[in-house]
Structures are given as structure tokens and as C-alpha cells.
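Contents: one structure, followed by commentary.
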Amino acid sequence: MAQALPTTAPGRLTTALERIPAPVWVIAFLLLLMPAFANNFVLYQIFGWSFILGMIALSLMVLAGYGGMVSLAQMTVAALAGYVVAILGTSGVPQISLGWPWWIHIPLAILIATLFGTLVGALAVRTEGIYTIMITLAIAAAFFYFTRQNYVIFNGYTGFNNVIPPALFGVEWRQPVPFYYLTLGCATLSYLAVVWMARTPFGLALQGVRDNPRRMGALGFHVTAHRIFAYTFASVIAAVGGILLVWQSAQVVPGTAGIPQVIDILVVAVVGGLRRPIGPFIGALIYAVLSVFSSDILHAFGMSGERFKLVIGLGFLAFVLFSPDGVLGLWEKYKARRAASPDPLLGGGR
Amino acid sequence: MVALTRPATIGADRSAAERLGSVTTGNALELRGVTKLFGALAAISDVTMSVRPGERRAVLGSNGAGKTTLFNCVTGDFLPTSGTIRLFGEDISNFPAHERIRRGLRRTYQISLLFGGMSVADNVYLACLGVSRGRFSLLRPRPSDPIIGRADELIEAVHLTRVRDTLVSSLSYGQQRQLEIALALAGAPRFILFDEPAAGLSPTERAELIDILTGLPDHIGYIIIEHDMDVALRVAESVTMMHNGRVFKEGTPEEIENDEEVQQLYLGGGHG
Amino acid sequence: MGTLQNFSTRHPIWTVIILVLVVGLAWLVFAPWPPGLEQVLGRKRIFLNAILSGITLGALYFLVASGFTLVFGLMRNVNLAHGSLYLLGGYIGFGVVESTGYWLLAFPVVFVVVGVLGLLLQHQVFRRMEGEELRQTLVTIGLSIVLADLMLWYWGGQSYQVYSPDWLSGPMELPIISSLRSNGDPVYLTYPRVRLAILFAAIVIGLAMWYALNRSRLGMLIRAGVDDRDILAASGVHIQYVFLAVFGFGAGMAGIAGIVGGTFQSLSPGEDTRFLLASLVVVIVGGMGSIPGAAIGALIIGLAEQIGLVYAPTYSVVFTFLIMAVVLAFRPQGLLGAQR
Ligand SMILES: Nc1ncnc2c1ncn2[C@@H]1O[C@H](COP(=O)(O)OP(=O)(O)O)[C@@H](O)[C@H]1O
Ligand SMILES: [Mg+2]
């Protein structure tokens, strides 16, 4: 799946563009023109939110898909970035917020959250495999309880409200259309960054570490360092997602990274598919649509509108039991069945 | 069959190797009282041996004699229970595997340990990357990248150019064994451990392997585990016999071949 | 005993430190405090209460975590629905006590009901994905979401308290001096009887588990399996039966712990996550797959939480977390975990 080495002559920009398949062009145009035919609610609540959720889930996908490490602390990293923005920037809690300008507090938020994510990684990679889930879940819980108890920095139970993006270039970024393009832009950049990373020396080495850590050691790679750096890389994406998330709801509270939210990120990534960077975005879109329309859907089936979590849980179970590769896995199975001569690579690959 | 087209490509970075080598003197590899216990079982016990720089040594011994365990202890796949290991004079007993590799040690595995989901080119590229700078680089390599160049030379040296872009999991057994060797030759190896590289190969492939081994630059020493006496005698200048986790005999191939005890135990015993 | 001797010869410094800590703690508990100490630490009664609450909370954590650690150690299944089984057991226990009035009756009923649920899960779900550790864990996450919502549906959002029987209610006087009256008479510490009973029960259950694991054939198999699963497979026993027994037992223990938790705290949505996390931390600190490890981890975490709550309320969570982080950094396999 990973092809780091150029197999053909150096591709010029035009040939690179020609290689992009037609459906991608269609989707790109649809996404760019979305504000022309979607209403504000769809733009802000469904697409804006999906892009954000997708980014945070993408950071999990990087760790799980390329690194083989399922970390449940990525939502926590995101929330920490949101908290730093609220604390260093402006919010409805002026006693705590420092009101620093955006060009200081946004980079600092990303930096601090990334450092935290790296530290989490450094602790989590001390053990292997299935332990990662336990440790990162425990860390996420500790963060949740800590922010809820600490009033000096995190303003405890109340958290911060009124955390809004700076009016850069005279644009009100929380207006639906600007916010749509802001999140679309960030999501696209993160997606491209991950696709790019997968084919860099680091990305290739990370996949080598996932498949065969012992051999990687015998080739001269510092396996642990690669794993930790994967956390660093993934945490940058989670941090940006977290800042956007806090801007979207204009608030950050302990429950932003409560245990249910932490689990939701895993649900989103698994339902979408952990094998490819597009998976988390598909999962996020499904999740956002379901949660926004859940009460209508449930009523249609004659159930109380409150049973959203039941639907999510059952859907998640169904995927884990019957299609562990998520929606992407279903799609590939479908394609494989349709193809006259099955492509041997589709079924194989990790 | 074909002699190496460009023998100098393997371990091409000679100057680097010599730079490293010049720092130290004495033996390439020196083991003192190395013991490895698995629970109560002593897979190897009190192994002491030394190999000169550039020396080519064969290790013989029946199955379970502890040969692979010896390799694992030397390369740091796991730490020995006791004993010291010196590589070119430096005590590496407690080094992690990658630190040993970066000092010029290489190995192959008895059971191929490859990246089945990647192409041959990517496998060899990883091997070259592991012992060079830029392991954490987030820039994609250009086609003119020297690491890619070195990887391609290695692929050619082990005759895998035809399958350069094939997934490793779909290679034949012999090709996988050849790739296993390529991975051990990356960078500037100074000392290599080959774990039964010839096992299961066809006569042609075996001949190619012998060519590769004999074509290695003189400064590269190695230890090869080999059951086939004929192969061992052609690629090694000294022999160590192991039995039940201990070094049982050491000597030149002729001495070992003519040793009565050895003949009883090993050559005549029909093991192998 | 042999292991203790081993420990003291191999780690003389640690042995001394631990001994000093134990003796110091014993002195703090049993001796009347001089006034200077009261100035630093506050009233002795508060300190004693924190210690006792810590120990009893540790007992509860041990009950929850022991099943979790056994299942994890043997099957490498991180059962993230363990907290849900705890809460379910508590709710069912509450129902049994409400309808029959017999507190003790709730224990066998819940053990069987939740244990059978565990058996079903192992037999119907996890057996089909053996060796796929990550997938099993994902299934348990899905189960915990579903169970949480079903319980919320049926029992609602309010909190329940399981009432202890009369013979266990009220305080009990302990032979520990909490302070001296002005005339020099000692005042003895009192503590809720039911909590002491639970502490006692947890110790008995812990010893029984330890005994069963070390003396019975099944126990030896399980221990061998925790260390090396190939041994189990090679022993000729039907490995599936061992897995079933352990999963059912672990689930049943979680259910019983739910009644205990419902008796001395309360049951409400969210308690499932709380106790799942407690189990995680206990097992990470104590050592994965080890019953004595679970006991020590539970004691440490229970004490840290309660002492933290009394002396540094804002940072009590930080203590728990710091303990976990330090253990992970210096002994990733946990205090009593086997070196992997
Ligand atoms: N990882 C391991 N765990 C337990 N025992 C092992 C392990 N590796 C090797 N052994 C045992 O050590 C002994 C030596 O094995 P090995 O070094 O592979 O022998 P050889 O390579 O000479 O055939 C054998 O008895 C083998 O069963
Ligand atoms: Mg061997």
C-alpha cells in the first residue's frame, strides 16, 4: 500500500492533476459550491461539524492506521488546544482569559496541545498493543476530572463560554459560510498532510514499525521514537480540530472531552474506516447527520427520540462485528464483487 | 550464476566503514560468557568466542543448539541473561538493537522477517533509510535521492530488479530469501550475521548466494549459520561447532571436518 | 513467603523504605497524636476517616478490578463493558432488595444473572474473534454504549441507593483511639458497620481467589495461561471452558461489586464509566493480570483518592493520575505485573 519510491519519471503538476480520478473532481466541486445550495444549518451544523470531527478522528486514524496504536486521548488533545485558546485569548471569563492576540495564542495552543499529545504518546508507547487503549483512556479520564475540579486555570465545571475566532481580514468567521470554508480548508489541508506523510520516509518507517517492529529495530530504526513522533504529528491535527470545535460551539467545558466524546471519536473513525485517511471524514459525516436527525429518524421507527446513543452503539457494534474496516471496507467489498476479474490487491493489503 | 555486476556496490560506503573501523582495534566481535535462559532452559550457556575484522566464520550445530539465540543476543533482539558482547572493542551488551545496527552490525533472519505489504523497493529503501540520516523526514524523496540510488543498487546486486515494484508477499520463497539478504547489506555493514540463508534454496539460487557472499568487500566480516557443509566450506575460513547451547569446537574447516568427535556427533550422525 | 524473602534480598533499600512507611502509618493510626502533629495534619479523626474511607474504597475497587484483571490477563480482552456490568449488577441488586427485602439474597442472584450474561458474551461474541484483541475491545466499547443507554431507558437518570440490612447499619466502635478527652479518657473511633463488613468481605473474597488460583487445578491452569497461553493450549484442557469460566466469574464479580457500590455510595448513569476507569487505573498501577496486583493497586488508588479529597480537594485526581504516570514511566508492566 505504501509506495514511497517514485516508479515513474518525476510527475509535473499537470500530470499529477491528470492522475486525480473523476469522482474526486466531482466531490471537490460539490464541496466548493455547497454554500450555493445548502442552507446555513447544513453548512454550519452538519458540514462544519463533520469536518472538525473528521479532523480529530483523522488524528486517531494516523495513529491506528499507520502506527497500529489506538489512542483514545486525541479528543483530549483537541480539547486542551481549545482550552489554551480560551485561556490565552478572549472568552466570557475575563478573570482567567489573558486576551493575548491571535497570532500568539493560536500557535501556542497548537504547540502546547502537541507537546501534551507527545507526552501522552511517550507514556503510552511504554507498553504495547492493546494496553494503549487502556492507558490513553485513563489519561483522557484524568484530564476530564482534572478540568472539572480545577477552577484556577480551567474554570472547573463551567469552563469557558464566548470563545470566538478573531475577525481576521474583516471576516466574521463564525458566520455559516465563512466557517464552512474555514473548516473545509483545514480539513482538506490535514487530509493532504496525512496522505503526504504516508509516503515520506517517516511515514514509510511508521508503517514498517506497525507491521514489524522487531525487523525495524534490526534495520537501525529507533522504534519507540518513531511511535512517539507519530503522536506528535497526529496531535497537531487534533489540536487544529480542537480549536475549530471550540469556535464552532463558542465554548469549551470539561464535557468537551468527556468519556462519551472520547469514545465518539473512536466510533467515528472505526465506522468510517481506519485504513485510509478519508475514512474518518466519512464516519464523521454519518455521525453528524445521524445525531442531528436522530430524533426524526427514531420517531419514524416509532421510538423515542432520546435513544440516539442506542442507535450509535448498535450501529458501531454492527460495523465491528460484520465490517471491521468500516464503510470504506464495505465499499471495497462492493467494488471487488462488481469487478469482473477481482483485483488481488484489494482483498489483501493491510 | 552471474558474478556480481558491480561488487563494489555492496557496502559501497567504504570510507565510512573505515572511519568507524579506524577508531577501534582488536576483534570485530567478542563474546564473553554469554548465557541466555528461557525460564529454566539455557538456550546458550557461557559462550565465549571472538571474530577478527573481516573474518568469515561458519557456525554449525544441530537444531536447537542455540545458534539463532546467539544471533539474537548479539543483535539485541533480546538481552542475554549474563555475559558481555563487544563490537569492534565497544561494549554493546546493553545497547538497544538500533544502536548496534548503527555501529555496522547487520543480520538476516532464519524465518524471513519482511514487510509483506510493501514493494521490494520500499523494503530495501527502509533498510537503507534505517542506517542513514532523515529517518524522520517529512519530505518525500526525489527520484535523484541518494538513498533510492543505493536501494536500487542493492536490488540489482541480489538480482531482484525484475520484481522491484512487486509486493513482497507475492514473491517466491527464494526471492524472499534474497531480499532478506539485501536488507542486511544496506548502508555500510562491517559485520553481518546470516541465519541459514541457504536453507530451502534451489541449487541455482544457492550458487547465486555463494557468489554474493564471496563477492563481499574484504573488510566485511560475517558469521553464517549453515547446515550444508559444502556451502559452509566455500564461504567460511573458520568454523565454530555448537552443541546444547555451548561452543563445542573451533577451528579451520579441515580441522573440524576431520575431527572425530564432530564426525560422530554431527556429520556422521545424520543430522542436518 | 519465598517471594517476600526474594524481594527483601534483591531490593534491600526498597524493603527498608516500605517498612518505615508501614511502621510510620501504624504509629499515625494507633498512637494518640501530639498537638504539633494535629496542627499540621488537622484532627486525628479526620485523618483516620480518610485512611479508613481509602481502604474501604480500595476494597470496592478491588472487587470491581479483580474480574477485569483476570479477564484481561488470561484472554487479553480489555473488557471496556466491565463498568456497565458493574452498574447493571447494582440496579438488579437494588431490584432484588426492594422486592424481597433480603440484602444478602441480592448477591447470589446478581452473581448468577450477570455471570450468565458474561458467559453468553464470551460464548456468542468473543469466541468468534479470538486473537483479535483490538476487535474484541471495540465490541466491548459498543456493548458499553448500548448497555448504558438501555439502562438509562429502563432505570432513568435518578440515583438509587441500596439499603443495607438493619444488622449492618449504624456505626461501630473500633479499638483505635481517635483523641483523648480533657480528663485523659481515650475516645475510640467509630465507623459505619456496613463499610467494615464490605472491607472484611473483600479481604475474604481476595484471599479465596488467591487460594483458588494457587491451589485448585483450574486456578493453576488460569495462572499458567496468564503467563503463557500456549501452555494452556498444550495442556489438553478445553481452553474454551477455562475462558468461559473466567469471563463468567469476572462478570459476576463486577455485578456483585455493583451491589456493594450501590450500598455504600449510589447508582446512577455515569457510575459505569467511573468504575471502569477505576478498574483501568488499578490494573495499570497494580500490574495487568495479577490478583495481588489488583489488591495493591486498589488500595493505593483508594487511599490516594480519599486522602487527596481531604487534604487537597482540587488535586485529588492529579494524585491518582500522577501515580499512574509514574508507574507507567518506571514500571510499565505495573507494580506486580510480570515482565513482558
Ligand atoms: N523465544 C524463545 N522462548 C523460549 N525458548 C526459546 C526461544 N527461542 C529459542 N528457544 C529455545 O532455545 C533453544 C535454542 O534455540 P535456537 O537458538 O533457535 O536453536 P538453533 O537456531 O540452533 O536451531 C531451543 O531449545 C529453543 O526451543
Ligand atoms: Mg535457528
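If Rh is defined by the Kirkwood formula over all Cα pairs and Rg also comes from Cα, what ratio Rg/Rh do you get for the protein assembly as shown?
Ratio of gyration radius to Kirkwood radius: 1.01.
Put +1 on the Cβ of every Lys and Arg and -1 on every Asp and Glu Cβ in the protein assembly as shown; which of B:His243, B:Pro96, C:Thr314 then has its Cα farthest towards the positive end of the dipole?
C:Thr314
Among B:95-108, A:315-328, how do they line up by average Cβ neighbours within 10 Å per residue, starting with the highest?
B:95-108, A:315-328
Restricting to DSSP H runs of at least four residues, report the calculated mean residue ellipticity at 222 nm for chain A, -39500 (n - 2.57) per run over all residues, nearest 500 deg cm²/dmol.
After summing the helix terms and dividing by the residues of chain A, the value is -21500 deg cm²/dmol.
What FRET efficiency comes out for B:Gln263 versus B:Phe38 if R0 is 30 angstrom and r is the Cβ-Cβ distance? Round to the nearest 0.05.
Computed FRET efficiency for B:Gln263 and B:Phe38 comes out at 0.50.
All other residues with a Cβ under 15 Å from the Cβ of C:Asn79 taken together, and with Lys, Arg as +1 and Asp, Glu as -1, what is their net charge?
-1
If you build a Gaussian network model of chain C, linking Cα atoms that sit under 10 Å apart, which residue out of C:Val326, C:Val282, C:Val78 swings the most?
C:Val326
Dipole magnitude of segment A:39-259 about its Cα centre, charges +1 at Lys/Arg Cβ and -1 at Asp/Glu Cβ only, in debye to the nearest 20?
In debye, rounded to 20, segment A:39-259 gives about 400.
Remind me, relative contact order of chain B in percent, using alpha carbon pairs under 8 angstrom and six or more residues apart?
Across chain B, relative contact order equals 29 percent.
Hey, can you grab everything whose amide H is under 5 Å from the amide H of C:Val187? Only 5+ residues off in sequence or another chain; H modelled, so Pro and N-termini drop out.
Close amide H contacts, sequence-distant or interchain: C:Ser178, C:Ser179, C:Leu180, C:Arg181.
If a/c stays under 1.5 just call it rounded; otherwise compare a/b with b/c (prolate if a/b is bigger, oblate if not). Do that for chain A, with a ≥ b ≥ c from the square roots of the Cα gyration tensor eigenvalues.
It comes out rounded by the Cα gyration axes.
Just grab the label-to-label distance for A:Met303 and C:Leu21, each label 7 Å out from Cα along the Cβ direction, in nm (one decimal).
4.9
What does the highest-first list of A:61-72, A:88-99 look like by mean Cβ count within 10 Å?
Output ranking for A:61-72, A:88-99: A:61-72, A:88-99.
How many nm is it between the label spots at B:Glu250 and A:Ala38, if each spot is 7 Å from the Cα in line with the beta carbon?
My value for the distance between the label points is 7.3 nm.
Less than 14 Å apart at the alpha-carbon level, and either on another chain or at least 8 residues along: which aspartates and glutamates does that give for A:Lys333?
A:Asp325, A:Asp343
With Cβ to Cβ distances under 12 Å as the rule, what net charge do the other residues near A:Leu63 carry (K, R +1; D, E -1)?
+2
Normalised by the number of residues in chain A, what is the relative contact order in percent for Cα pairs under 8 Å and 6+ residues apart?
Answer for chain A is 28 percent.
Can you sort B:Ser169, C:Ser84 by how many other beta carbons sit within 10 Å, fewest first?
Lowest to highest Cβ neighbour count: B:Ser169, C:Ser84.
Can you compute the modelled spin-label distance between A:Val292 and C:Gln158, with each label point 7 Å from Cα toward Cβ, in nm?
3.7
Just checking the output field for A:308-319: average partner chain Cβ neighbours within 10 Å of each residue's Cβ?
5
What is the calculated FRET efficiency for C:Ala201 to C:Leu120, with r their C-beta to C-beta distance and R₀ = 35 Å, to the nearest 0.05?
Efficiency, from the Cβ-Cβ distance: 0.85.
Which listed residue (A:Val194, A:Leu244, A:Val152) has the Cα farthest towards the positive end of the charge dipole for segment A:39-259, taking +1 on Lys and Arg C-beta and -1 on Asp and Glu C-beta about the Cα centre?
Selected residue: A:Val194.
For chain C, with a Gaussian network of springs between Cα atoms less than 10 Å apart, report the residue from C:Trp210, C:Trp14, C:Trp155 with the top mean-square fluctuation.
Ranking C:Trp210, C:Trp14, C:Trp155 by mean-square fluctuation puts C:Trp14 first.
For peptide C:318-324, what's the mean number of Cβ atoms from other chains within 10 Å of each residue's Cβ?
3
Under a cut-off of 16 Å between alpha-carbon atoms, report the lysines in cross-link reach of A:Lys309, not counting same-chain residues fewer than 8 places apart.
none
Given a Förster distance of 45 angstrom, what is the FRET efficiency for B:Asp228 paired with C:Ala338, based on the Cβ-Cβ distance and rounded to 0.05?
For R0 = 45 Å, the calculated efficiency reads 0.65.
Values quoted throughout were computed directly from the atomic coordinates according to the rules given, and no laboratory measurement underlies them. If you're wondering where the values come from, they're calculated on a predicted model, not measured in any experiment. Heads up, the Cβs are rebuilt from the backbone with ideal geometry, glycines too, and the neighbour counts pull from every protein chain shown.
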